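This report refers to the structure that appears directly beneath it.
Taken together, the values in this text are just the output of simple stated rules run on the coordinates, not laboratory data. What you see is a predicted model; the values in this text were computed from it and never measured. Neighbour counts run over all protein chains shown; Cβ positions are idealised from the backbone, glycine included.
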Amino acid sequence: MNKKITIEPVTRVEGHGKVTIHLDDQNNVDQTRLHIVEFRGFERFVQGRPYWEAPVLVQRLCGICPVSHHLAAAKALDVIVGAGTGDGLTPTGEKMRRLMHYGQMFQSHALHFFHLVSPDLLFGIDADPAIRNVIGVAMKHKDLAVQGVMMRKYGQEVIRATAGKKIHGTGAIPGGINKHLTPDDKEFFINGPDPMNIDKMIDWSQGALDFLKDYYKKNTDFIDNFAQFPSNHLSLVRKDGALDLYHGVIRAVDAEGNRILDDVDYQDYENHIEEEVRSWSYMKFPYIKKLGKEKGWYRVGPLARLNTCDFIPSPLAQKEFEAYKSLTNGKPNNMCMHYHYARLIETLHAAEMMKELLNDPDLMEGELTTKGSRQNRGVGLLEAPRGTLFHHYEVNDSDEIVKANLIVSTTNNNEPMNQSVNRVAHSWMDGKTEITEPMMNAVEVAIRAYDPCLSCATHALGKMPLEVKLYDAHKTLIDRKRT
Amino acid sequence: MSEKIKFTIDGKECYAEPGQTILEAALDNGVYIPSLCYLKDVIPAGSCRICNVKVAGRFMTACTTPVAMGMEVENDIPELNELRVSIIEMLFVSGNHFCPACEKSGNCELQALAYKYTMMVPRYPYLFPEKKPDSGNKKLFIDRNRCILCKRCIRAVKDEQGRSLFAFKNRGNELAISLDHELAENISDELAEEAMEICPVGSILKKEKGFQQPIGHRKFDKQAIGSDIKSVIK
């Protein structure tokens, strides 16, 4: 008898989605799908608005990483106002934006690791869900919980100082930034009372990484093999191959490390990336054109970034990067749970970069904006916490936006997340008739590794809990569980 | 020297020059009466009704009513403040005022009044009118969705020969401001800036200016509208 299992909604991720799993007569997994059921329509209603509104309007897609949208839109509009593509800004403009972005990366990664993922690691996939949550972490591992909260707070304060507000600020404007860093803010971030200073943030980032490495040593089999599969990887890298979260050229590698795309100017992204629409999800499926729909899908985010870049331009993170790369002998890492490892290396990198920038005098003085010859088309890419984020705008001569296309980080990870769900479903559910809570959570653990933001990805509103439904071959609901 | 006119606002003794309106005299005496369509040195329109006060039991617009000797004006009283909130709410529902993405946010007088009078959510249904923005001018972007029809632009944005760059068009629900594209074709940067400043909301925007003022430096970021008017009444 065929059965269909639905997991709806998925928990401890941002946004709202459901998973359906079809079982055949022998109760083996036949087909799996991660459905994204929200619809938002930002690409449509930004049309007709004056272009300079886009960075402030479109960031409302998300309350977790609005800065990524804010900056990607601003980067696209830099092109529109003739200020170039990311490296054409004034030193103050670019460095203030970078500080904002590293603050964002730091707080978002801290949120994901401490609040969303640590319950699975500390208590186990099959622990009682009443304990396996952020409150459980706070009760049993107070120090870790406090670090998570304070690291997030530090990043949010950096955003406040650069964007004007912790959430949905206005700092980045076409061609630059609208403010300098104040001396009071600089002093606070560098020499603030413990723990609110950059040295403590670097310490704690290193501490979180040490915690994960220790966990990895004890759970190597789980971390290496859970939902692992080969894939392509795509991200921006700096021209010289360094990890650069704010600006660079597109590079894509396959599972063996062969370069598929390299040194691609993102203004030409349409020549290399295409999006497929499937009827059962509001989230599109992007792929690399020259490899086609079947083979062209790719992963983005921390795992992909550490697979595409050659080195990390900050000393502590570089040291960790070298140890991390040695696990796969320098080859791309295709292990899903290593997303967490890579994410914490990036967290350390973001903290180091913040320290470097905070000591840069350009933040305190200098021209804020620049502009040149007006253009009608602009594309802005950056590496958001969850992966490569594409913003593309077309503007008419009267300054109205006439077209917008957003390919959000999580959208890039659509097929990989589906692949992960499929693998976990096979290994946990093949031949089983009863759905257990740990089975459902295993599916969610795989999705969670990508730190998906489903609200952003469908350009949706609300939170994202997960529910599982089991149907027989006649589409009759025979079991249903909600997390 | 003409003799000053003695009157009271909420029981406090005030003095006015002959011919002064209640609103002008209140400002001179350091009393805040909220307004939206009023502009200093411009003929008042009395169109927004936010400045309604009560005199001898009757509602009167403070921006158009001259002070009379012995007048007893009621201003900051629950009855009037409640009416003011309801006017603000009606203005919100009759347009598409999306503060989060509006570059006038923090400098917008309608938003500032909503905060001052603690408007939570409008009690009236949103009308969601569809009004096309006018982006045809090189320096100005007109978003009619945010217009509150106060006529400040019509009365105050003028060229060197005193001709208004703006006018009303249509009637009733269709009433809208319209920019005279011929007159405004060569509008100066200064006048375009001034037009944006004159508009109490985000309806008239100077192109390419958006969001240059950081949060924290905007007019109403740190103090409520009207709080700069210090009482001089003993």
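Brief remarks follow.
- Put the Cα centre of the stretch B:122-168 next to the Cα centre of the stretch A:16-68 and the gap is 36 Å.
- Using a Förster distance of 56 Å, the FRET efficiency for residue A:356-residue B:69 (Cβ separation, nearest 0.05): 0.20
- Ranking of A:157, A:53 by count of other Cβ atoms within 10 Å, fewest first: A:157, A:53
- Residue B:121-residue A:242 FRET efficiency (beta carbon distance; Förster radius 41 Å; 0.05 resolution): 0.25
- Site pair residue A:436 and residue A:279 shows an inter-label distance of 3.7 nm when each label is modelled 7 Å from Cα along Cα→Cβ.
- The eigenvalues of the Cα gyration tensor, multiplied by 5 and square-rooted, give the stretch A:152-242 an equivalent ellipsoid with semi-axes of 34, 22, 12 Å from largest to smallest.
- Plainly put, chain A has a radius of gyration that is 0.96 times its Kirkwood radius, both from alpha-carbon atoms, as the Rg/Rh ratio.
- Isotropic mean projected area of the C-alpha convex hull, the stretch B:89-135 (nm²): 3.8 nm²
- Using only alpha-carbon positions in the stretch B:7-75, the gyration tensor eigenvalues give semi-axes of 17, 13, 10 Å once each is multiplied by 5 and square-rooted (largest first).
- Exceeding the 30 Å Cα-Cα cut-off - candidates B:40/B:139; A:200/A:319; A:293/A:319: A:293/A:319
- Cβ-based net charge around residue B:75, under 15 Å, with every Lys or Arg adding one and every Asp or Glu removing one: -3
- Across the options B:112, A:112, A:219, the greatest Cα extent toward the positive end of the charge dipole of the protein assembly as shown (unit charges at beta carbon of Lys, Arg, Asp, Glu) belongs to B:112.
- Diffusion coefficient of the stretch A:27-148 by Stokes-Einstein, Kirkwood radius over Cα pairs, 4 °C, 1.567 mPa s: 72 µm²/s.
- Helix B:189-198 vs. chain B, principal-axis angle (Cα, 0 to 90°, nearest 10): 50 degrees
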